[in-house]
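S.K.: Dropping a structure here in structure tokens format, bear with me for questions.
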Amino acid sequence: MSDELYHDALVARAHAGRARGRLSRPDRSATLDNPLCGDRVTIDFAFADGRVTAVGHLVRGCLLCEAAAEAIAMHAPGKTKAELAEATAAVTAVVKGGAAAPSGEWAALEVFSPVHHVRSRQDCVLLPFEALGKALAGKIGPD
């Protein structure tokens, strides 16, 4: 199962995000952690005219959490809060419900489809998307 879960595209996505880092002056930021596995993610956003202009993140966690944070960072620029909420719903449907990834730019969420079969790893993928939601709601920092 681990070969299916940690396939080459997912590993590459996780590794790509390791050098990204945090934004120096984010408009919104959120930090969440999963006490069950120890994952911790901080995600930062800059906005202009109602759209994301930049994303930064810092992840202390597994490859799944790293890859999810990087998926957000790659695809969020230019998006509105509503579009990001749709992406969060889509990844939740892929991971929890086994749905197909959406078409278009967010088709990249397909890399997370094997996680549907491993319930204990689903929250690892969803944690960065939960931090995204918290940041977009305007809540700053950890609880």
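The values are calculated or read from the model by the stated rules, or taken from the named source; none is laboratory data. Just so it is clear, the structure is predicted and the values come from calculations on it, not from any experiment. Counting neighbours? That spans all protein chains shown, and the Cβs are built from the backbone with ideal geometry, glycine included. Note: accessible area is taken over every heavy atom of the protein model, side chains too, but ligands, DNA and RNA are not part of it. Shrake-Rupley method; radii C 1.70, N 1.55, O 1.52, S 1.80 Å.
S.K.: Which order, highest average first, do 21-28, 65-72 follow once you tally other Cβ atoms within 10 Å for each residue and take the mean per peptide?
M.R.: Result, highest mean first: 65-72, 21-28.
S.K.: Per DSSP helix of 4 or more residues, -39500 (n - 2.57); summed, then divided by the residues of the chain. What does that give at 222 nm, rounded to the nearest 500?
M.R.: It lands at -12500 deg cm²/dmol.
S.K.: Quick one: compute the contact order of the range 1-111, relative version, from alpha carbon pairs under 8 angstrom and 6+ residues apart, as a percent.
M.R.: Result for the range 1-111 is 22 percent.
S.K.: Per residue, how much accessible area does the chain have with a 1.4 Å probe, in Å²?
M.R.: Heavy-atom SASA per residue in the chain reads 48 Å².
S.K.: Carbon and sulfur atoms: what percent of the 1.4 Å accessible area of the chain do they account for?
M.R.: Carbon plus sulfur share of accessible area: 52 percent.
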